[in-house]
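*Asks:* If you scroll down you'll find the structure; I have some questions about it.
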Amino acid sequence: MKIELVNDLACEVSVLYFDKASLEASEKSEILGRAGFKAEQDSLCFLYESGILACGVEKFDAESIRSVTSLAIRSLKSSTFSAAKFHVDENSLVAIIEGIVLGGYEFNKYKSKTEPSKLEDIYLACESIESLQEQFQNALIVAEATNFTRDIVNSIPYELNPPSLAKLAKELAKENHLACEILGHAELKKEKMGALLAVGRASEHESKLIHLTYKPKNPKKVVTLVGKGLTYDSGGLSLKPATSMVTMKMDKAGACAVLGIIKAVSEMKLDVEVHAFIGAVENMIGGNAYKPDDVLTSRSGTTIEVRNTDAEGRLVLADVLDYAQEKVQADYLFDFATLTGACMIALGQYTTGIMGHSNMLKHSLFDAAQESGELVGSLPFNRHLKKLLKSDIADISNTASKPYGGAITAGLFLDKFIKDENKEKWLHFDIAGSAYTEAPWDCNVYGATGAGVRLMSSFLRAL
Ligand code: BES
Ligand code: ZN
Ligand code: ZN
């Protein structure tokens with residue numbers, strides 16, 4: 001499917017947006033009214049004969065337009081038309097592109113038969129191509145990077161394991177001219193990453209640490225991104241119940257988001273130096289698995305009592321965060337992780353949980369969320385919850401002693417591995433709920449959503 005920014009042209013189908021007021025005022029109101037169209041949000045009315053696809057919106061804001069465009073594109077893709085036209089201006093352009101590219105996303109890698117869509121050309125008709133060109137290009141780059149992230153997250157654990165994720169990162173680096181360094185078992189041992197290595201010990205796949213760098217000529221800022229890359233989380237010996245294990249291929253979504261972000265940033269050629277660090281590990285069972293009761297020595301020297309092997313993401317991140325802080329003196333340090341089921345209980349399944357010490361930084365992320373259309377919510381740290389991570393045998397326990405506030409206690413565990421000089425530069429993003437969906441919502445379809453990519457792209461563009 002080709003998407004082009006054009007001056008107005010004749011086309012088989014025109015997609016038109018209406019709220020209640022504009023429907024009433026429209027010359028099409030009678031014919032659409034007869035077809036039962038009331039311009040309710042997310043309602044569609046396809047007038048095949050007149051070549052009109054009417055879309056209902058509550059108001060003409062990005063969220064409403066993106067949402068109904070996602071439905072419109074699916075309807076167009078299953079029609080017999082080969083081309084469709086959307087009218088765009090500077091206010092609607094990004095939302096319409098997101099609706100088309102993200103809402104029209106399909107993941108058919110494992111289907112033996114798929115019906116190819118007849119829809120080939122999408123025209124975005126505008127008054128002045130020139131004034132929208134940059135916005136158009138960037139929106140396409142970010143939406144396609146989001147789908148790149150979705151593709152990796154959706155890939156199955158048989159195929160997508162730590163070594164193959166490292167290979168994929170290497171290919172991305174080659175294509176986008178990024179520096180790439182990959183640490184295998186021997187190097188990780190030399191780095192004394194006792195926590196990361198313990199998690200991956202029972203897997204048949206070697207654990208990897210991936211470091212990609214995008215370095216423009218005169219960067220305005222340096223940003224470090226860290227991603228949880230659990231290519232499968234069985235829970236380990238604290239085995240997950242059967243129904244909770246399904247979907248745990250998505251436990252690598254933090255890592256995949258970080259790859260999508262660095263892809264988008266390098267393609268938009270932003271003046272920001274970006275480092276992506278990924279801990280790629282598989283959490284499995286076996287005779288050599290790490291155990292509840294083990295005490296691990298992390299790279300930073302902090303010892304960790306393992307009370308639950310399913311709280312593995314924080315162990316991997318502890319070592320990768322420590323390594324990343326030593327390698328790069330960044331202005332910002334962000335980690336992305338499908339870290340806790342508790343985050344979904346706190347904020348619902350659509351919202352990314354943000355934790356950290358700097359209220360100012362959190363506020364800039366709220367702004368980026370608003371602009372990008374991703375949903376975020378803040379979860380506050382406090383000293384009382386921190387006490388719950390006390391261990392009687394080691395420096396810290398990997399699980400809290402009380403079940404409440406589990407997303408926050410996980411964030412506080414990570415905080416233990418953030419150096420004092422970086423406390424105000426760091427934010428933790430828990431994407432456990434927002435990274436994956438089993439029912440469509442907004443511009444998301446079944447499976448991975450690519451959470452984090454649009455959010456960070458907006459934040460980094462604003463720097
Ligand atoms: N990967 C999971 C968190 C998760 C759960 C992500 C559901 C997406 C959907 C994580 O490793 C985990 O298992 N966390 C435990 C922590 C607990 C043992 C302290 C959890 O959330 O139950
Ligand atoms: Zn787990
Ligand atoms: Zn996990």
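The values are calculated or read from the model by the stated rules, or taken from the named source; none is laboratory data. All figures in this text were calculated on a predicted structure; none of them were measured in a lab. Reconstructed Cβ throughout: ideal geometry from the backbone, glycine too, with neighbour counts over all protein chains shown.
*Asks:* Can we say residue 206 is in a loop (DSSP other than H, G, I, E, B), more than 30 Å from residue 7 (Cα to Cα) and in contact with a His (Cβ under 8 Å, 6 or more places away or on another chain)?
*Replies:* Here the answer is yes, as residue 206 does meet what is asked.
*Asks:* Read through the list (1) surrounded by 19 or more Cβ atoms within 10 Å (Cβ to Cβ); (2) within 27 Å of the chain's Cα centre (by Cα), then give the number of the only condition that residue 396 fails.
*Replies:* (2)
*Asks:* Another question, then. Counting just the residues of segment 310-324 that are in a helix (DSSP H, G or I) and not hydrophobic (A, V, I, L, M, F, W, C), which one comes out nearest to residue 277 (Cα to Cα)?
*Replies:* 323
*Asks:* For segment 290-310, which residues satisfy the criterion of being under 15 Å from residue 240 (Cα atoms) and more than 16 Å from ligand 3 (Cβ to nearest atom)?
*Replies:* Selection gives 291 alone.
*Asks:* Among the numbered criteria (1) in contact (Cβ under 8 Å) with a residue 24 or more places away in the chain; (2) not in a strand (DSSP E or B), which single criterion is violated by residue 336?
*Replies:* Unmet condition: (2).
*Asks:* Just need a number here: residues in segment 399-417 that are crowded, with 23+ Cβ neighbours inside 10 Å, polar (S, T, N, Q) and more than 15 Å from ligand 2 (Cβ to nearest atom).
*Replies:* Counting residues in segment 399-417 that are crowded, with 23+ Cβ neighbours inside 10 Å, polar (S, T, N, Q) and more than 15 Å from ligand 2 (Cβ to nearest atom) gives 0.
*Asks:* Quick check, is residue 433 outside any helix (DSSP H, G or I), surrounded by fewer than 19 Cβ atoms within 10 Å (Cβ to Cβ) and either in contact (Cβ under 8 Å) with a residue 12 or more places away in the chain or over 15 Å from the mean Cα position of the chain (by Cα) (or both)?
*Replies:* no
*Asks:* Based on what the data block shows, is residue 307 under 30 Å from residue 460 (Cα atoms), of a type in the set (D, E, K, R) and assigned to a loop (DSSP other than H, G, I, E, B)?
*Replies:* Considered against the rule, which asks whether it is under 30 Å from residue 460 (Cα atoms), of a type in the set (D, E, K, R) and assigned to a loop (DSSP other than H, G, I, E, B), residue 307 comes out as no.
*Asks:* All but one of (1) touching a residue at least 60 places away in the same chain (Cβ under 8 Å); (2) farther than 23 Å from residue 308 by Cα; (3) surrounded by fewer than 23 Cβ atoms within 10 Å (Cβ to Cβ) hold for residue 219; state the number of the condition that does not hold.
*Replies:* Status for residue 219: all satisfied but (1).
*Asks:* Test residue 195 against the stated conditions and say whether it is within 16 Å of ligand 1 (Cβ to nearest atom), under 18 Å from residue 327 (Cβ atoms) and outside any loop (DSSP other than H, G, I, E, B).
*Replies:* Considered against the rule, which asks whether it is within 16 Å of ligand 1 (Cβ to nearest atom), under 18 Å from residue 327 (Cβ atoms) and outside any loop (DSSP other than H, G, I, E, B), residue 195 comes out as yes.
*Asks:* Could you tell me whether segment 330-340 includes any residue that is touching a Lys or Arg at 6+ places or on another chain (Cβ under 7 Å), of a type in the set (S, T, N, Q) and either at pLDDT 95 or above or outside the structural domain of residue 452 (by TED's automatic domain parsing) (or both)?
*Replies:* Checking segment 330-340: at least one residue is touching a Lys or Arg at 6+ places or on another chain (Cβ under 7 Å), of a type in the set (S, T, N, Q) and either at pLDDT 95 or above or outside the structural domain of residue 452 (by TED's automatic domain parsing) (or both).
*Asks:* I'm told residue 279 meets every condition in (1) more than 15 Å from ligand 2 (Cβ to nearest atom); (2) part of a strand (DSSP E or B); (3) buried (at least 24 other Cβ atoms within 10 Å of the Cβ); (4) not β-branched (Val, Ile, Thr) except one. Can you identify the failing condition by its number?
*Replies:* Residue 279 satisfies all of (1) more than 15 Å from ligand 2 (Cβ to nearest atom); (2) part of a strand (DSSP E or B); (3) buried (at least 24 other Cβ atoms within 10 Å of the Cβ); (4) not β-branched (Val, Ile, Thr) except (1).
*Asks:* Moving to a separate point now. Quick check on this structure: which one of 252, 228 is under 19 Å from residue 198 (Cα atoms), within 16 Å of ligand 1 (Cβ to nearest atom) and not in a helix (DSSP H, G or I)?
*Replies:* 228
*Asks:* What number of residues within segment 13-38 satisfy the criterion of being within 39 Å of the chain's Cα centre (by Cα), among the acidic types (Asp, Glu) and loosely packed, with under 14 Cβ neighbours inside 10 Å?
*Replies:* The qualifying residues number 0.
*Asks:* Quick check: is even one residue across segment 337-346 more than 16 Å from ligand 3 (Cβ to nearest atom) and either within 21 Å of the chain's Cα centre (by Cα) or within 27 Å of residue 297 (Cα to Cα) (or both)?
*Replies:* Among the residues of segment 337-346, at least one is more than 16 Å from ligand 3 (Cβ to nearest atom) and either within 21 Å of the chain's Cα centre (by Cα) or within 27 Å of residue 297 (Cα to Cα) (or both), which makes the answer yes.
*Asks:* Would segment 405-422 turn up any residue that is part of a strand (DSSP E or B), touching a Cys at 6+ places or on another chain (Cβ under 8 Å) and modelled with pLDDT of 95 or more?
*Replies:* No, segment 405-422 contains no residue that is part of a strand (DSSP E or B), touching a Cys at 6+ places or on another chain (Cβ under 8 Å) and modelled with pLDDT of 95 or more.
*Asks:* What is the number of the single condition among (1) part of a loop (DSSP other than H, G, I, E, B); (2) closer than 23 Å to residue 322 by Cα that residue 450 does not meet?
*Replies:* Only one criterion in (1) part of a loop (DSSP other than H, G, I, E, B); (2) closer than 23 Å to residue 322 by Cα is unmet by residue 450, namely (2).
*Asks:* Residues that are in contact with a Gly (Cβ under 7 Å, 6 or more places away or on another chain) and at pLDDT 95 or above, at least 2 per element: which helices (runs of 4 or more DSSP H) completely within segment 1-93 meet that?
*Replies:* 62-77
*Asks:* Please determine, by comparing only the residues of segment 308-334 that are of a type in the set (Val, Ile, Thr) and buried (at least 24 other Cβ atoms within 10 Å of the Cβ), which one is nearest to ligand 2 (Cβ to nearest atom).
*Replies:* My answer is 309.
*Asks:* From the list 230, 212, 259, which one is away from ligand 3 (no atom under 16 Å from the Cβ) and closer than 21 Å to residue 430 by Cβ?
*Replies:* 259
*Asks:* Filter segment 282-303 down to the residues that are within 15 Å of ligand 2 (Cβ to nearest atom) and touching a Lys or Arg at 6+ places or on another chain (Cβ under 9 Å) and list them by number.
*Replies:* 284, 289, 290, 292
Yes/no per residue for (1) over 20 Å from residue 238 (Cα atoms); (2) within 11 Å of ligand 1 (Cβ to nearest atom):
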position	(1), (2)
276	yes, no
282	no, no
286	no, no
290	no, no
295	no, no
302	yes, no
307	no, yes
312	no, yes
317	no, yes
